[in-house]
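Asker: Below: one structure in structure tokens.
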């Protein structure tokens, strides 16, 4: 078996793993911006094959636990609301805009920011809904062992053919 054959098998299997993970992620309704899907990429070299994903990839199954959040977290949640297409109610002004007071945000932006702040607070205090429900194991955890088995079986099958070929050639020389 050549290194190129092994690399090709590993690349095929990792790309198939990538495809299945994306399929599970989408069918679970987790896609918002598409950054997680777009971050998944396969690299195969002479020593190894790796499926890479963004840092947040791990929370696809576990959710995010409660605790400190980055300063920009409300902004991240705001963008998530927009990306997911979640509806929110505008918050009208109590005051009437005048020469002395011009509102900083539109009623729509106020509603969006209010919802983002409430969601960010809930996550900071209690974790995401997925975390609170105990997580899941159907995005990538079940697929990784399948991929490892498939790589081993395919590489072993090619290796076994090479050994049989060597044995046949050896037997022919012994019979000469």
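Asker: Scan 149, 162, 174 and give me the residue that is more than 23 Å from residue 33 (Cβ to Cβ), outside any loop (DSSP other than H, G, I, E, B) and at pLDDT 95 or above. Steps first, answer last, please.
Answerer: Working: 162 fails: at pLDDT 95 or above; 174 fails: at pLDDT 95 or above.
Step by step, each of 149, 162, 174 is checked, and only 149 is more than 23 Å from residue 33 (Cβ to Cβ), outside any loop (DSSP other than H, G, I, E, B) and at pLDDT 95 or above.
Asker: How many residues are surrounded by 15 or more Cβ atoms within 10 Å (Cβ to Cβ) and within 17 Å of residue 127 (Cα to Cα) when one looks only at segment 53-75?
Answerer: 10
Asker: Within segment 116-136, does at least one residue satisfy the condition of being free of Cβ contacts under 8 Å to residues at least 12 places away in the same chain and assigned to a loop (DSSP other than H, G, I, E, B)?
Answerer: yes
Asker: Give just the number: which of (1) more than 15 Å from residue 49 (Cβ to Cβ); (2) in contact with a helix residue (DSSP H, G or I) (Cβ under 9 Å, 6 or more places away or on another chain); (3) assigned to a helix (DSSP H, G or I) does residue 140 not satisfy?
Answerer: The failed condition is (3).
Asker: Now a separate question. Based on what the data block shows, is residue 154 in a helix (DSSP H, G or I), surrounded by 14 or more Cβ atoms within 10 Å (Cβ to Cβ) and at pLDDT below 95?
Answerer: Details: in a helix (DSSP H, G or I): yes; surrounded by 14 or more Cβ atoms within 10 Å (Cβ to Cβ): yes; at pLDDT below 95: yes.
Taking the combined requirement at face value, the residue satisfies it.
Asker: Within segment 16-49, restricting attention to residues that are surrounded by fewer than 16 Cβ atoms within 10 Å (Cβ to Cβ) and touching a strand residue (DSSP E or B) at 6+ places or on another chain (Cβ under 8 Å), which residue is nearest to residue 128 (Cα to Cα)?
Answerer: If we take residues in segment 16-49 being surrounded by fewer than 16 Cβ atoms within 10 Å (Cβ to Cβ) and touching a strand residue (DSSP E or B) at 6+ places or on another chain (Cβ under 8 Å), then 39 is nearest to residue 128 (Cα to Cα).
Asker: Within segment 58-101, take every residue that is in contact (Cβ under 8 Å) with a residue 60 or more places away in the chain and under 20 Å from residue 35 (Cα atoms) and give me the one that is farthest from the chain's Cα centre (by Cα).
Answerer: Selected residue: 64.
The values are calculated or read from the model by the stated rules, or taken from the named source; none is laboratory data. Owing to the predicted nature of the structure, the values given are computational and were not obtained by experimental measurement. Positions of Cβ are generated from backbone atoms using ideal geometry, with glycine treated the same way; all protein chains shown enter the neighbour counts.
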